[in-house]
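Below is one structure, written out as structure tokens, with a few remarks after it.
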């Protein structure tokens, strides 16, 4: 009998305690006042310094995006977000991939290549990719689709 009363009390306190903690927990939307419509991750970001101080520096960024989200509309949103995240330097070069297999590992990237060599980690892109360039106020996008089609457009300033 004593065990039964103890079990009922434990159940009551644990149940009430859990309910009050749950009621006090903020909702997911309270954590994220902004939630992107699609998932992406910056997998590489590097600033290449120019010989001439500051003016000709270039930031290179590689991004992996969910292939289901690969659309002109979402790319425009993504490039706007990246331009805000990396307002400087003057030149921004972003490559967007939809397949992890198309992205170099850090070791592959760091080993460097010479243009004359045939040894390369460059694989033919069998998935959709996009390249965004910002040169000052000029913004351009080139989309390479897996089916071989190419789309190119400027983004309004």
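Which of the residues spanning the range 48-80 are loosely packed, with under 12 Cβ neighbours inside 10 Å and more than 18 Å from residue 152 (Cβ to Cβ)?
Of everything in the range 48-80, those that are loosely packed, with under 12 Cβ neighbours inside 10 Å and more than 18 Å from residue 152 (Cβ to Cβ) turn out to be 49, 51, 52, 53, 54, 55, 68.
Say whether the condition of being touching a strand residue (DSSP E or B) at 6+ places or on another chain (Cβ under 7 Å), in contact (Cβ under 8 Å) with a residue 24 or more places away in the chain and outside any helix (DSSP H, G or I) is met by at least one residue in the range 78-89. Give the derivation first.
Step one: list which residues in the range 78-89 are touching a strand residue (DSSP E or B) at 6+ places or on another chain (Cβ under 7 Å), which gives 78-79, 82-83, 86, 89.
Subsequent filtering for residues that are in contact (Cβ under 8 Å) with a residue 24 or more places away in the chain retains 78-79, 82-83, 86, 89.
Pick out the ones that are also outside any helix (DSSP H, G or I) and you get 86, 89.
Yes: one or more hits.
For residue 41, work out the one condition from (1) modelled with pLDDT of 90 or more; (2) under 28 Å from residue 148 (Cβ atoms); (3) surrounded by 15 or more Cβ atoms within 10 Å (Cβ to Cβ) it doesn't fulfil.
All conditions are met except number (3).
Checking the structure you have, find out if any residue of the range 57-64 is at pLDDT 85 or above and assigned to a helix (DSSP H, G or I). Lay out the reasoning, then the answer.
Start the filter on the range 57-64 by keeping residues that are at pLDDT 85 or above, which leaves 57-64.
Checking which are assigned to a helix (DSSP H, G or I) leaves us with none.
No, there is no match, as no residue in the range 57-64 is at pLDDT 85 or above and assigned to a helix (DSSP H, G or I).
If you scan the range 90-104, which residues turn out to be part of a loop (DSSP other than H, G, I, E, B) and either within 13 Å of the chain's Cα centre (by Cα) or on the phi > 0 side of the Ramachandran plot (or both)? Outline the logic, then answer.
Going residue by residue through the range 90-104, those that are part of a loop (DSSP other than H, G, I, E, B) are 90, 98-99, 103-104.
The answer is 98, 99, 103.
The values are calculated or read from the model by the stated rules, or taken from the named source; none is laboratory data. From a predicted model like this one, the values you see are computed outputs, not experimental measurements. Positions of Cβ are backbone-derived with ideal geometry, glycine not excepted, and every protein chain shown enters the neighbour counts.
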